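S.K.: Shown below is the structure under consideration.
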Amino acid sequence: EESRGTLLRVSFSHKDIANLVGASRPRVTEHLARLEREKFVIRQGRQMVVQVAKLFDSMKDAQAAAHLAGARLN
């Protein structure tokens, strides 16, 4: 942990991540770019800082929105 979030000291290539999650390398690149734009991930050379609390808050918001959307359909 550090002031900006959780520093991932191990560097992974986009291909490594793709193999771990069962996605294509271009898709991983696309999603990592989005996570950076939205300030969930900060690149530090070949390492990354993940803002875990911000990610969890975003996931909670998305779950709440999905729940509300489902309730409206019923």
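S.K.: Of all residues in region 39-53, count the ones that are farther than 15 Å from E2 by Cβ and touching a residue at least 24 places away in the same chain (Cβ under 8 Å).
M.R.: 1
S.K.: On to the next question. Can you tell which of E2, E30, E36 is touching a residue at least 24 places away in the same chain (Cβ under 8 Å), at negative phi and either among the acidic types (D, E) or loosely packed, with under 10 Cβ neighbours inside 10 Å (or both)?
M.R.: Of the residues listed, the single one that is touching a residue at least 24 places away in the same chain (Cβ under 8 Å), at negative phi and either among the acidic types (D, E) or loosely packed, with under 10 Cβ neighbours inside 10 Å (or both) is E2.
S.K.: Looking at V50, V21, can you tell me which residue is under 15 Å from the mean Cα position of the chain (by Cα) and surrounded by 13 or more Cβ atoms within 10 Å (Cβ to Cβ)?
M.R.: V50
S.K.: Then there's this: Filter region 54-65 down to residues that are at pLDDT 85 or above and either farther than 27 Å from G5 by Cα or not small (G, A, S) (or both) and give me whichever is surrounded by the most Cβ atoms within 10 Å (Cβ to Cβ).
M.R.: Filtering region 54-65 for residues that are at pLDDT 85 or above and either farther than 27 Å from G5 by Cα or not small (G, A, S) (or both), the one surrounded by the most Cβ atoms within 10 Å (Cβ to Cβ) comes out as L55.
The values are calculated or read from the model by the stated rules, or taken from the named source; none is laboratory data. As the structure is a computational prediction, the values presented were derived from the model and not from experiment. No Cβ is skipped: glycine too gets one built from the backbone with ideal geometry, and neighbour counts run over all protein chains shown.
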